[in-house]
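In what follows, a single structure is set out as structure tokens and then discussed.
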Amino acid sequence: MKHWLMKSEPDSYSIEDLERDGRTAWTGVRNYQARNLMRDEMSVGDPVLFYHSSSNPPGVVGVARVASEPYGDATALDPRSDYYDEKATEQEPRWYLVDVEFVERFPRTVPLAELKDTEGLEEMVVTQRSRLSVQPVRPEEFEIVRRLGRS
């Protein structure tokens, strides 16, 4: 089992939206490294730290879980979508996604500043100025963050 952090702008899709919906397709990822992580590395059941970016403060707000095998992102095929890619086809989707399902919302946001100041998280990808929207997380980092969020 691998652990992940996935970023979403709360104005686009928040932890509250995921809690309401229960499950969603993680559409619109247009970074090759993030796509490759979803397509090649994620497995059903992998835990995910849900991170609100572009918020005040940015930080981890809850936990989700990978709920599907990877599959082609249909938004790449829709010319009306902001995520349309004219090179994508049904046979060769180019962009992939996974579904994620809600697990828990933390009583408080664990802000990025706190993540940076917490022992054991010094090498966590999100603390290294990474803009990557899908990031691997070490199991021990995941547990530290979950403990912080529940406190």
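Residues checked against (1) aliphatic (A, V, I, L, M); (2) within 16 Å of the chain's Cα centre (by Cα):
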residue	(1), (2)
MET42	yes, yes
GLY62	no, yes
PRO70	no, yes
GLU90	no, no
VAL98	yes, yes
PHE102	no, yes
THR109	no, yes
PRO139	no, yes
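If you go through the range 29-43, how many residues are part of a helix (DSSP H, G or I), of a type in the set (S, T, N, Q) and touching a residue at least 60 places away in the same chain (Cβ under 8 Å)?
Step one: filter the range 29-43 for residues part of a helix (DSSP H, G or I), giving 32-41.
This time we only want the ones that are of a type in the set (S, T, N, Q), so: 33, 36.
Filter again for touching a residue at least 60 places away in the same chain (Cβ under 8 Å), leaving 33.
Of the residues in the range 29-43, 1 are part of a helix (DSSP H, G or I), of a type in the set (S, T, N, Q) and touching a residue at least 60 places away in the same chain (Cβ under 8 Å).
Considering every residue within the range 2-15, establish whether at least one is of a type outside the set (Ser, Thr, Tyr), in contact (Cβ under 8 Å) with a residue 24 or more places away in the chain, touching a helix residue (DSSP H, G or I) at 6+ places or on another chain (Cβ under 7 Å) and closer than 11 Å to GLU101 by Cα.
Within the range 2-15, the first condition is being of a type outside the set (Ser, Thr, Tyr), and the residues that meet it are 2-7, 9-11, 15.
Still in the list and also in contact (Cβ under 8 Å) with a residue 24 or more places away in the chain: 2-7, 9-11, 15.
Subsequent filtering for residues that are touching a helix residue (DSSP H, G or I) at 6+ places or on another chain (Cβ under 7 Å) retains 2-3, 5.
Adding the requirement that they be closer than 11 Å to GLU101 by Cα leaves none.
No, there is no match, as no residue in the range 2-15 is of a type outside the set (Ser, Thr, Tyr), in contact (Cβ under 8 Å) with a residue 24 or more places away in the chain, touching a helix residue (DSSP H, G or I) at 6+ places or on another chain (Cβ under 7 Å) and closer than 11 Å to GLU101 by Cα.
Across the range 25-45, which residue is nearest to THR75 (Cα to Cα) among those that are touching a strand residue (DSSP E or B) at 6+ places or on another chain (Cβ under 6 Å) and crowded, with 18+ Cβ neighbours inside 10 Å?
Taking the range 25-45 as the starting set, the residues that turn out to be touching a strand residue (DSSP E or B) at 6+ places or on another chain (Cβ under 6 Å) are 25-27, 34-35, 37-39, 42, 44.
Then drop every residue that is not crowded, with 18+ Cβ neighbours inside 10 Å, which leaves 26, 34-35, 37-39, 42.
On the way: TRP26: 11, ALA34: 16, ARG35: 14, LEU37: 19, MET38: 16, ARG39: 16, MET42: 20 Å.
Ranking the qualifying residues of the range 25-45, first place goes to TRP26.
Go through the range 97-112 and count every residue that is under 29 Å from GLU69 (Cα atoms) and of a type in the set (Lys, Arg).
Going through the range 97-112, the residues under 29 Å from GLU69 (Cα atoms) turn out to be 97-106, 109-110.
Imposing the further condition that a residue be of a type in the set (Lys, Arg) reduces the set to 105.
The number of residues fulfilling the criteria is 1.
Would it be correct to say that LEU5 is among the hydrophobic types (A, V, I, L, M, F, W, C), in a helix (DSSP H, G or I) and under 12 Å from ALA64 (Cβ atoms)? Step through it out loud before you land on a result.
Values: among the hydrophobic types (A, V, I, L, M, F, W, C): yes; in a helix (DSSP H, G or I): no; under 12 Å from ALA64 (Cβ atoms): yes.
So LEU5 does not fit the description; no.
Report, by residue number, each residue of the range 44-89 that is assigned to a loop (DSSP other than H, G, I, E, B) and among the β-branched types (Val, Ile, Thr). Walk me through how you get there before you give the answer.
Here is the first cut: in the range 44-89, the residues assigned to a loop (DSSP other than H, G, I, E, B) are 44-46, 53-58, 67-70, 73, 78-89.
Residues satisfying the conditions are VAL44, THR89.
Residues ASP21, ASP73, ASP85: which one is modelled with pLDDT of 95 or more and not small (Gly, Ala, Ser)? Working first, answer last.
Numbers: ASP73 fails: modelled with pLDDT of 95 or more; ASP85 fails: modelled with pLDDT of 95 or more.
Just a single option satisfies the conditions, and that option is ASP21.
Taking the range 32-65 only, how many residues are in contact with a Ser or Thr (Cβ under 6 Å, 6 or more places away or on another chain) and over 19 Å from ASP17 (Cβ atoms)?
Result for the range 32-65: 1.
What number goes with the only condition from (1) in contact with a strand residue (DSSP E or B) (Cβ under 6 Å, 6 or more places away or on another chain); (2) of a type in the set (Asp, Glu); (3) surrounded by fewer than 19 Cβ atoms within 10 Å (Cβ to Cβ) that ASP73 does not pass?
All conditions pass for ASP73, except number (3).
Among the residues of the range 108-151, which ones are in a helix (DSSP H, G or I), under 18 Å from HIS52 (Cβ atoms) and of a type in the set (S, T, N, Q)?
THR127
The values are calculated or read from the model by the stated rules, or taken from the named source; none is laboratory data. Here the structure is a predicted model, which means the values were calculated and not measured. All Cβ positions, even for glycine, are placed from backbone atoms using ideal geometry, and neighbour counts span all protein chains on display.
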